[in-house]
Amino acid sequence: MEISQLPQQPPTSQKKSSADSVLKKLSKNSAQKGPDIIYGIYDSSRQSLSTRLNDFLIDHSNVPLKEKAYFFQLLAVMVDAGIPAIQALKMLARRTESERFRRVLNTVAHSVSQGKNLSESMARFPQVFSEVEIGVVKAGEAAGHLDKMLARLAVQLTKSHELQTKLVTASVYPVVVLVVLILAGSGMMIWVIPSLLQLLNEGGLKPDQLPFATKLLVGISYVMSNFWWAILLSIAVIFLFIRYYISTEDGRYQWDLFKLRIPVVGTLLRKVLILRFVSTLGILIESGLPVVQALTIVATSLSNEIYKLKVFEVIAKVQQGEKISESLMDTPFLFPETIVQMMAVGEQSASIGFITQKVGEQYDMEIDYSLRQVMALIEPLLIVFVGVTVALLALAIMTPIFKLTQLV
């Protein structure tokens, strides 16, 4: 059952039949996969070593974004259909494919049964539920429109999952090609080139008679065959140094700024961050949160330190009486003029939520177009790169063999 196929707002007269229909559909996919584990009650220390290890792996696994989107959509339908929240949470916990998410939902259901709000129960798991999701649910509970806010949140998470899938799909092809090329090249350097050098020596071809390209390959092969440990150690040291530098405050800013300035890729990344900014801000404002609180949640949800710093600067200016559009005007590199103008229109007409939704749709289309452009650029570049590499390797290997046949 796809998310798009689920009813958004069942008519009031059909709520009872809708509730029964939802329960029947979920019951077919709610086969019990084990005992209902509730954090805070379940004691893993009394279990066997294998069970404790399995619990550790489950408790440190990620919950797929698709699972959360599906959960919020179904929960919205069930809440609107009049199904009690506790019963809905338990039913949804049984149908999820993620064991980690199933334990979290069982714990949330137990917490709700103890008298806590859904948002309070979700807040116990900041690694699973983001601050944005908790804020939207809390605002929906306060306004009495929880079902509408859950449905809006489900739509937003579905779009985020689709965008994530597009980005991963676009990066698979170049990564696979480069990995295969590196593995094939390393195999030739370690096994093929030494055998070729031995053949040439036995044929009477002296090292000083080899072409420059062949000498270069022989040198690389010698280093890789005899000092592979030093190469791996150097790579590990460089990797750890970069990780350490990025973990520092200055390193995070410099790294995030570098990513934004990469040709083509940086433009795409900026569009993704702008989409995240406007879509998150829109859903938070529509849920009834104050602008400053919504901007604060948006800032913490952004993964780029440069954008995060700018949003906190916007918050400070908004608190002094400035408008959001005026605060964004001085950084066209981060927020283009079109975004600023549309935000200004939204502020003047008191329709920021609607405007941000339209901006999000526009940037979603632009990201699709940019991804197609990036793939159209990467594919011929990879073909040329692979072709040149293969040609150079063939030239370096075949030239001394031709010389050897002439000597024979």
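Readers should treat all values here as calculations from the given coordinates under stated rules, not as data from a laboratory. Quantities reported herein were computed from a predicted structural model and do not represent experimental measurements. Don't worry about glycine lacking a Cβ; one is built from the backbone with ideal geometry, like all the others, and counts go over all protein chains shown.
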**Asked** Any idea how far apart M329 and S48 come out in nm if each label point goes 7 Å out from Cα toward Cβ?
**Response** 7.0 nm
**Request:** Step through the table entries K68/K148; K90/K138; K90/K116; K66/K323; K259/K308, compare each Cα-Cα distance with 24 Å, and write down the pairs that go over it.
**Result:** K66/K323
**Asked** Which three semi-axes in whole Å describe the equivalent ellipsoid of segment 32-161, each the square root of 5 times a Cα gyration tensor eigenvalue, listed largest first?
**Response** 26, 16, 13
**Angle between the chain longest axis and helix 146-187 axis [Cα atoms, degrees, rounded to 10]** = 10 degrees
**Request:** Just tell me which aspartates and glutamates come within less than 17 Å, Cα to Cα, of K159; anything on the same chain fewer than 8 places away is out.
**Result:** E2, E67, E133, E361, D364, E366, D368
**Fill in**
At R0 = 35 Å the Cβ-Cβ FRET efficiency linking T405 and F241, nearest 0.05, sits at 0.10
**Complete:** Correct response: the longest run of the chain lacking exposed chymotrypsin sites (Phe, Trp or Tyr not before Pro), defined by DSSP loop and at most 16 other Cβ within 10 Å, is 43-226
**Request:** Pick out, in residue order, every one of the trypsin sites (Lys or Arg not before Pro) in segment 334-408 that is DSSP loop and has at most 11 other C-beta atoms within 10 Å; say none if there are none.
**Result:** none
**Asked** Which Cα, out of A109, Q198, M149, lies furthest along the positive dipole direction of the chain (beta carbon charges, K/R +1, D/E -1)?
**Response** A109
**Asked** GluC sites (Glu not before Pro), restricted to segment 311-356: which are DSSP loop and have at most 14 other Cβ atoms within 10 Å?
**Response** E322
**Request:** Could you please rank H60, H145, placing first whichever residue has the fewest other Cβ atoms within 10 Å of its Cβ?
**Result:** H60, H145
**Request:** Would you mind working out the magnitude of the charge dipole of the chain relative to its Cα centre, with +1 at each Lys and Arg C-beta and -1 at each Asp and Glu C-beta, to the nearest 20 Debye?
**Result:** 920 debye
